[in-house]
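To start, the structure itself, in structure tokens.
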Amino acid sequence: MVKIKDLPKHKRPREKLLEKGPNALKDYELLAILLRTGYQGKNAIEVAKRILKTIPFKKLANLPIEDLAKLKGVGKSSHHNCLIFCHWEKNLSRRQLHCHQNTRRRSQSD
């Protein structure tokens, strides 16, 4: 296992996020940031890739809390980070949909 701090800076998820923004990151890099750490023999990137092989990123938002907590490599802190992110993502999606619907209504009434 290679520690993330031993990777070149351009391959580290947090540094990539700061340098290029969230759109430049792959799903496993975003998840690795939320996980923060791995477990013995696996860094957060490896854990994120393993999780996403079985559960697509979008489905993590709908995964029951109990199931999320059972994933190997998802500790309490990571679990809370994922829950917050998923909740935030759902709210953002609802707001965007609501905004889009309001814009369509206004343009139709003009």
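Coordinate-derived values only; no laboratory data. No experiment lies behind these values; they were computed from the predicted model shown. Note: ideal-geometry Cβ built from the backbone for every residue, glycine included; neighbour counts use all protein chains shown.
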_Local net charge near Ile4, Cβ-Cβ under 9 Å (Lys/Arg +1, Asp/Glu -1)_ = +4
*Taking the Cβ of each residue in Ile45, Ile33, Ile65 as the centre, tally the other Cβ atoms inside 10 Å and list the residues starting with the fewest.*
Ile65, Ile33, Ile45
*How much length is gained if the chain between Lys26 and His10 is pulled fully straight, taking 0.36 nm per residue apart and subtracting their Cα-Cα distance, in nm to one decimal?*
4.4 nm
